[in-house]
Amino acid sequence: MAKAHEINVKDTTIRTMKVGETDYICITDIARQKNPLEPTAVVGNWMRNRNTIEYLGIWEYLNNPNFNPIEFEGFINEGFHQRDRLHKLNKIAIQQMTVLEEVENRKLLK
């Protein structure tokens, strides 16, 4: 069962959740510290950052048995246009959510 908590960092409330032994943190809440009115713009900037994309690739490699590292490597090296990159990143995020849904005791989306 998931246990929700809140922490306060620099006058910003950030929600966390513990599922089994795994902790999750709300990146939108973190982004609110930088831009309280438009945190989604901050998250969008993070998603365009090469380091974020590489991190997502590592996460996928470790947690997604259907992950295709060859396709992902091409994605990083080809330098897609922003629209295409965001489309692919959205697909990766959906795959991550699916992996989390399928893992026992991590049915966060239902």
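Sparsely packed loop sites in segment 1-77 (the trypsin sites (Lys or Arg not before Pro) outside DSSP H, G, I, E and B with at most 16 other Cβ atoms within 10 Å) comprise K10. Sorting the segments 19-31, 59-71 by their mean number of nearby beta carbons within 10 angstrom, highest to lowest, gives 19-31, 59-71. Working note: Karplus 6.51/-1.76/1.60 with θ = phi - 60° gives segment 16-30 the couplings 10, 8, 10, 10, x, 9, 9, 9, 10, 9, 7, 6, 5, 5, 4 Hz, where Gly and Pro are set to x.
All of the numbers you see were taken from the coordinates with simple rules; none came from a lab. Just so you know, these numbers come straight off a predicted model, no measurement behind them. A quick note on method: Cβ atoms are made from the backbone with ideal geometry, for glycine too, and the neighbour counts reach across all protein chains shown.
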